[in-house]
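Participant: Sharing a structure below in structure tokens format, with a few things to ask.
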Amino acid sequence: MKISFLRHNTPRWLIFLIDTGIVVFSLLFAYLLRFNFAVPVVEYEPLPQIMAWVVTIRIISFIVGRTSAGIIRYTSTADAMRVIATLLAGSILFILTNLVTFYLINGKFFIPFSIIIIDFLVTTMAMITFRMIVKLAYLEFHNSERVLMNVIIYGAGEAGITTKRVLDHDIGTKFKIIAFIDDNPNKVGKKLEGVDIVGPDKIDAILEENQVANLILSIPEFDPQRKEALVDQCLSHDVKVMTVPPMMKWINGELSFNQIRKVNIEELLERPEIRLEKRLIREELADKVILITGAAGSIGSEIVRQAAKFLPKQLVLVDQAETALHNLELELKEENIALPLEFIIGDIRDQQKMERIFEAYHPEILYHAAAYKHVPMMEGNPGEAILTNVNGTRILADLSIRFKVGKFVMISTDKAVNPTNVMGASKRIAEIYAQSLNSPNETLFITTRFGNVLGSNGSVIPLFRSQIEKGGPITVTHPEITRFFMTIPEACQLVLEAGTIGKGGEIFIFDMGQSVRIVDLAKKMIRLSGLTLGKDIQIKFTGLRPGEKLYEELLNKEEDTLPTHHPRILVAKVKEYDTKEVAGLITHLVNTATTGSSLDIVREMKSIVPEFISQNSVFEKLDPKPAIR
């Protein structure tokens, strides 16, 4: 039989009546305790007046303190403290009443002080106990109707305890915490709130012996490699891995059940935190006017966030994407960044507009992130690739020399190495032009080169996530295709570091770690989503796209690397270029881009970058035919 008051919110008037009944009971019980359950007859005479006064004060204090306003089944520590504070205020008033009657009226205490103390303690205990009984009865009533789910919590610290309590009180699902996992040998073998704490070496045994639904990772600073191994271990037993956000992100200092989420693929591709020379970066950026192109893009916007931490004099943010730049402006205003910010809609191909920006702000450091980046799109529009990626870079570079910008830091790509597509070749030509300008000009030209960044515009991960949400299929171009991956924050941190240590003319290459097979990435994302490949969702191979190659590189055949002070940053040893020769070639290329055909444009590109050999593209006809033996 259903108990209705456990299904619905208990009416406030009923709580108020129960609390008032508790007050009457507590006062009578206080008298019984005070006189060892044998109340003298002399104490009965003033009892009606005392009862009336106590009940009146308690009722008034309950109304003022709103003790019946909270929802009983969600009673929290704050509700208990409100009850205690309300009762304490009433008891203090009883003490004041005693002082008035003793000193001003009849020389007697109206209520014995021992009764006041006992009454306060009994009333407090009874009211809080009543609320906890209702709360526990409600939870038990609802839990009895739900399916039991076994859960393991990794981490027996404060966050782990809080996670357990959140799960215990969740009204959507019934969880049973069967174990805490902790790396601290001093905790292993003990119990935490009745649950065993075991070491990580016991995970396999627990997963094999129990039907575990979830493992929740409650350690915020968890080594990425260990996290990936732990996830693989759990997925092999069909156990979902969840994670708890850092305490600083808890809502009003309290963890919400909805904040416990699945581990995402980006977390598994992360690496240990980069240690930057923050002092050097601060000396480089502090009190400087910094211009960032492509500022609303995934890379540009993160450079904005990172650079703002080092207190530059001003950030000038340029992008042609109105909505994205507007969103960035709203975000930065919400974060109350205390430095001048200028948001400018502008196209780097517009020389007059760029010139006005340089004249107005006189930037001292320029981070050039604006570019067209989508390989298939640029394969079909080579003229646009040249006008933006090459000529846009030339316009900014020439203006940097003219206005004596201290450093020009260009964001390039691994696709510029031995390019097989128009986009990569256009970025390589832009690199060549920037390198050729380094001497004898005052502006130092620095290039940074890295692979794919997680979550960036055009990244494969958002595409796969969208396809999974739609039920598939997941489209992969080739079963053997691989890519390097790096998170946006770590890529931009390395950009700032490389820009700081650069002396001009270098191409800095970032350690991207091991390349990842895209099909393996797709399979892991499917498993993290709780789906089964071949049953719930399919992977479909679509073939390489125009200009796409199986393996990306960070160096071409003629380049080698030298180490720097930072283990994640290398310098490519590259050939020097004659400024006038390169300028003439690029002028001719830009003219061709505005008047010539796509074949004419790509033919010019291949003459400037001989290693540009097209793959899976209509432009393969322009490449030399292999000798027939």
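The values are calculated or read from the model by the stated rules, or taken from the named source; none is laboratory data. All figures in this text were calculated on a predicted structure; none of them were measured in a lab. For neighbour counting, all protein chains shown are included, and Cβ atoms are generated from backbone atoms with ideal geometry for every residue, glycine included. Please note that ligands, DNA and RNA were not included when accessible areas were found on the heavy atoms of the full protein model with its side chains. Shrake-Rupley method; radii C 1.70, N 1.55, O 1.52, S 1.80 Å.
Participant: Which members of the stretch 599-620 meet the condition of being in contact with a Phe, Trp or Tyr (Cβ under 8 Å, 6 or more places away or on another chain) and either among the β-branched types (Val, Ile, Thr) or surrounded by 14 or more Cβ atoms within 10 Å (Cβ to Cβ) (or both)?
Facilitator: From the stretch 599-620, those in contact with a Phe, Trp or Tyr (Cβ under 8 Å, 6 or more places away or on another chain) are 599, 602, 605-606; that's our starting set.
Within the stretch 599-620, Val602, Met605, Lys606 qualify.
Participant: Right, next: Go through (1) surrounded by fewer than 20 Cβ atoms within 10 Å (Cβ to Cβ); (2) of a type in the set (Lys, Arg); (3) within 30 Å of Ser617 (Cα to Cα) for Lys309 and report which single condition fails.
Facilitator: Failing condition for Lys309: (3).
Participant: Considering only the stretch 501-520, state which residues are in a strand (DSSP E or B) and open to solvent by 10 Å² or more (accessible area, probe 1.4 Å). Even if it seems obvious, please write down each step before you answer.
Facilitator: At the first step, the residues of the stretch 501-520 found to be in a strand (DSSP E or B) are 507-510, 516-517.
Result: Val516, Arg517.
Participant: Still on this structure, please answer the following. Output the residue which, of all residues in the stretch 106-127 that are surrounded by fewer than 16 Cβ atoms within 10 Å (Cβ to Cβ) and modelled with pLDDT of 80 or more, is farthest from Gln49 (Cα to Cα).
Facilitator: Residue satisfying both the conditions and the ranking: Met125.
Participant: If you go through the stretch 264-281 one residue at a time, how many are more than 15 Å from the chain's Cα centre (by Cα), modelled with pLDDT of 70 or more and either in a loop (DSSP other than H, G, I, E, B) or surrounded by 16 or more Cβ atoms within 10 Å (Cβ to Cβ) (or both)?
Facilitator: 2
Participant: Further question: Residues Ile432, Ile481, Ile474: which one is among the hydrophobic types (A, V, I, L, M, F, W, C), modelled with pLDDT under 85 and more than 22 Å from Ala296 (Cβ to Cβ)? Walk me through it before giving the result.
Facilitator: Working: Ile432 fails: modelled with pLDDT under 85; Ile474 fails: modelled with pLDDT under 85.
Sole residue among the options that is among the hydrophobic types (A, V, I, L, M, F, W, C), modelled with pLDDT under 85 and more than 22 Å from Ala296 (Cβ to Cβ): Ile481.
Participant: Assuming Pro563 fulfils every condition listed in (1) under 16 Å from Ala425 (Cα atoms); (2) out of contact with any Asp or Glu (no Cβ under 7 Å at 6 or more places or on another chain); (3) at pLDDT below 70 apart from one, which condition is it?
Facilitator: (1)
Yes/no matrix, rows are residues, columns are (1) more than 42 Å from the chain's Cα centre (by Cα); (2) assigned to a loop (DSSP other than H, G, I, E, B); (3) at pLDDT 95 or above:
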residue: Val571; (1), (2), (3): no, no, no
residue: Tyr577; (1), (2), (3): yes, yes, no
residue: Lys580; (1), (2), (3): yes, no, no
residue: Ala593; (1), (2), (3): no, no, no
residue: Ser607; (1), (2), (3): yes, no, no
residue: Gln615; (1), (2), (3): no, yes, no
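Participant: Please list, ordered by first then second residue, the pairs with beta carbon atoms under 9 Å, 6 or more apart or interchain, first in the stretch 450-468 and at positive phi and open to solvent by 40 Å² or more (accessible area, probe 1.4 Å), second in a loop (DSSP other than H, G, I, E, B) and at pLDDT 75 or above.
Facilitator: Gly458/Lys373; Gly458/His374
Participant: Within the stretch 34-54, does at least one residue satisfy the condition of being of a type in the set (D, E, K, R), buried (at least 16 other Cβ atoms within 10 Å of the Cβ), at pLDDT 80 or above and more than 25 Å from Ile133 (Cβ to Cβ)? Quick ask: steps written out before the conclusion?
Facilitator: Here is the first cut: in the stretch 34-54, the ones of a type in the set (D, E, K, R) are 34, 43, 45.
Keeping just the survivors that are buried (at least 16 other Cβ atoms within 10 Å of the Cβ) gives 34.
Add one more test, that the residue is at pLDDT 80 or above, and what stays is 34.
Applying the additional criterion that residues be more than 25 Å from Ile133 (Cβ to Cβ) yields 34.
Yes, the stretch 34-54 has at least one match.
Participant: Also: Which of the numbered conditions does Ala371 fail, given that it passes all the others? Conditions: (1) more than 22 Å from Ala583 (Cα to Cα); (2) open to solvent by 10 Å² or more (accessible area, probe 1.4 Å).
Facilitator: Tallying (1) more than 22 Å from Ala583 (Cα to Cα); (2) open to solvent by 10 Å² or more (accessible area, probe 1.4 Å), Ala371 fails exactly one: (1).
Participant: Something else: Going by what's in this entry, would Gly530 be described as touching a residue at least 12 places away in the same chain (Cβ under 8 Å) and closer than 30 Å to Pro440 by Cα? If you could, list the steps in order and put the result at the bottom.
Facilitator: Numbers: touching a residue at least 12 places away in the same chain (Cβ under 8 Å): yes; closer than 30 Å to Pro440 by Cα: no.
Against the criterion (touching a residue at least 12 places away in the same chain (Cβ under 8 Å) and closer than 30 Å to Pro440 by Cα), Gly530 does not qualify.
Participant: Also, I was wondering about something else. Does the stretch 536-551 hold any residues that are over 30 Å from the mean Cα position of the chain (by Cα) and part of a loop (DSSP other than H, G, I, E, B), and which are they?
Facilitator: Thr542, Gly543, Leu544, Arg545, Pro546, Gly547, Glu548, Lys549, Leu550
Participant: Still on this structure, please answer the following. Would you be able to say whether some residue in the stretch 411-419 is closer than 20 Å to Ile446 by Cβ, out of contact with any Asp or Glu (no Cβ under 7 Å at 6 or more places or on another chain) and in contact (Cβ under 8 Å) with a residue 40 or more places away in the chain?
Facilitator: Step one: of the stretch 411-419, the residues closer than 20 Å to Ile446 by Cβ are 411-417.
After this cut, where a residue has to be out of contact with any Asp or Glu (no Cβ under 7 Å at 6 or more places or on another chain) as well, the list is 411, 413.
Restricting the remaining residues to those that are in contact (Cβ under 8 Å) with a residue 40 or more places away in the chain gives 411, 413.
Yes, the stretch 411-419 contains a residue that is closer than 20 Å to Ile446 by Cβ, out of contact with any Asp or Glu (no Cβ under 7 Å at 6 or more places or on another chain) and in contact (Cβ under 8 Å) with a residue 40 or more places away in the chain.
Participant: Further question: Among the candidates Val134, Val54, single out the residue that is among the hydrophobic types (A, V, I, L, M, F, W, C) and under 39 Å from the mean Cα position of the chain (by Cα).
Facilitator: Numbers: Val54 fails: under 39 Å from the mean Cα position of the chain (by Cα).
Being among the hydrophobic types (A, V, I, L, M, F, W, C) and under 39 Å from the mean Cα position of the chain (by Cα) holds for just one of Val134, Val54, which is Val134.
Participant: Please work out which one of (1) within 19 Å of Arg603 (Cα to Cα); (2) open to solvent by 10 Å² or more (accessible area, probe 1.4 Å); (3) within 34 Å of the chain's Cα centre (by Cα) is the condition Asn391 fails and give its number.
Facilitator: So Asn391 meets the others, but not (3).
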